[in-house]
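Since the structure comes first, as structure tokens, the remarks are kept for the end.
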Amino acid sequence: MRIGITCYPTYGGSGVVATELGLELAVRGHEVHFISYAMPIRLSGVNERVWFHEVEVTNYPLFDHPPYTLALATKMTEVAESVSLDLLHVHYAIPHSVSALLARMMAMPRPLPFITTLHGTDITLVGNDRSYLPITRFSIEQSDGVTAISNYLRDRTLKEFEIKRPIEVIPNFVNCDLYQRSSDVDARAKWAPGGEPILMHLSNFRPVKRVTDVVEIFAQVRERIPAKLVMIGDGPDRGAAEHMVRKKKLTRDVFFLGKQGSVQDKLGLADLFLLPSDEESFGLAALEAMACEVPVIASEVGGIREVVTHGDDGYLFEPRDVATAAKYALEILTRPDRGRTMGQRARANARRQYCSNDIIPRYEAYYDKVLNASRPTVAVGK
């Protein structure tokens, strides 16, 4: 198949999943064309099966904001015509599904079906803004196929948007061969030269991720035992987190790495992963950590309940209850094995449910289903 994929290229779960999906599809022999305003962060380059098409947005004094939705629709149409795309797969409803709808109309009479994958804040935050709700609902209803990354997100979408069409749940995934425990002693020593336990967080540092809670949890752990904290990612709340680190005099114990490409190399060195979000539709970063044999302590919100099993491969706590989170962290880190047994269960659970080798074929089957439904039927005898 020739597949066009559109996502936000910045650091965030939807862009990561879209990029990893495209790369996995290319390995399986498909031709993948990424269409966005910048190259996705985890797309290190292109090859004979992976292309990147940049959407150019013209700044014009008449517009307060560049009309990205229209520029994207135009680029989608151009790419579809030039390489004969079979379908478009857009990640995040707003504005990508609207652009795909326009592209499908412009491509007529040639069929150009599109699939919309819902990731979370396009539904829980953006879509529920009164100004966006009608167009979000319309673009979902008009999609040739719709998937959601968790049962939680599917159910919430159906209820709050009063969607009448079916939504297929295809969960996020991780390459279980790539994400593994690291035994690189020298790499650990760069952060923890004294053999201290390493706590880790990975996100886009938006307010919903509660990165200041990460620092507060670590501070309470640090009061009891020596430890190090590694913060991966960047975003609007990084400054607040750095300020809190300085205020609590933890500068020597906390490392801000910024945006990173090969996060598996870092995650595989951690002893514990923290995800104290206010909202998570799935919790991809938690899954990636689990695949690296790292137990997870996360807020009991949204789809994270489908990923982390409380008391088995990690612990769940009420959002913003940093004291309980710190208590769970200490319970793990003060064990003789530093939670290694729990981490091994985490990887086993990740492998059982979320390996890319099992999830990618579900996307391929769904593509076939949508393509078959979109092909015009020819009457017998015609």
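The values are calculated or read from the model by the stated rules, or taken from the named source; none is laboratory data. Quantities reported herein were computed from a predicted structural model and do not represent experimental measurements. Glycine gets a Cβ as well: all are built from the backbone with ideal geometry, and neighbour counts include every protein chain shown.
Structural remarks
- Filtered residue count, segment 125-178, keeping only those that are β-branched (Val, Ile, Thr) and touching a Phe, Trp or Tyr at 6+ places or on another chain (Cβ under 9 Å): 7
This table checks each residue for (1) more than 22 Å from Tyr315 (Cα to Cα); (2) crowded, with 16+ Cβ neighbours inside 10 Å; (3) hydroxyl-bearing (Ser, Thr, Tyr).
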| position | (1), (2), (3) |
| --- | --- |
| Arg210 | no, yes, no |
| Ile225 | no, no, no |
| Ala240 | yes, no, no |
| Gly258 | yes, no, no |
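- Screening the candidates Gly311, Gly303 for the property of being out of contact with any Pro (no Cβ under 9 Å at 6 or more places or on another chain) and among the small types (Gly, Ala, Ser) yields one hit, Gly311.
- In segment 1-38, residue surrounded by the most Cβ atoms within 10 Å (Cβ to Cβ) [restricted to those that are assigned to a loop (DSSP other than H, G, I, E, B), in contact with a helix residue (DSSP H, G or I) (Cβ under 8 Å, 6 or more places away or on another chain) and of a type in the set (Phe, Trp, Tyr)]: Tyr8
- Test for Ala80: is it at pLDDT below 95, surrounded by 16 or more Cβ atoms within 10 Å (Cβ to Cβ), more than 22 Å from the chain's Cα centre (by Cα) and of a type outside the set (Val, Ile, Thr): no
- Members of segment 261-282 that are under 15 Å from the mean Cα position of the chain (by Cα) and touching a residue at least 40 places away in the same chain (Cβ under 8 Å): Gly261, Val263, Gln264, Leu275, Ser277, Glu279, Glu280, Ser281, Phe282
- Segment 39-56, residues that are in contact with a strand residue (DSSP E or B) (Cβ under 7 Å, 6 or more places away or on another chain) and part of a loop (DSSP other than H, G, I, E, B): Met39, Pro40, Leu43, Val46, Arg49, Val55
- Failed condition for Pro109, given (1) under 25 Å from Pro166 (Cα atoms); (2) without any contact (Cβ under 8 Å) to a residue 60 or more places away in the chain: (1)
- Summed over segment 288-301, residues that are aliphatic (A, V, I, L, M) and either surrounded by fewer than 24 Cβ atoms within 10 Å (Cβ to Cβ) or at pLDDT below 95 (or both) total 1.
- Here is the figure for segment 323-334: residues that are in contact with a Phe, Trp or Tyr (Cβ under 6 Å, 6 or more places away or on another chain) and in contact (Cβ under 8 Å) with a residue 60 or more places away in the chain total 1.
- Single match in Asp337, Asp368, Asp358 (criterion: touching a residue at least 24 places away in the same chain (Cβ under 8 Å), out of contact with any Cys (no Cβ under 6 Å at 6 or more places or on another chain) and surrounded by fewer than 20 Cβ atoms within 10 Å (Cβ to Cβ)): Asp358
- Within this structure, Leu199 fails the test of being crowded, with 24+ Cβ neighbours inside 10 Å, over 25 Å from His91 (Cβ atoms) and touching a Gly at 6+ places or on another chain (Cβ under 8 Å).
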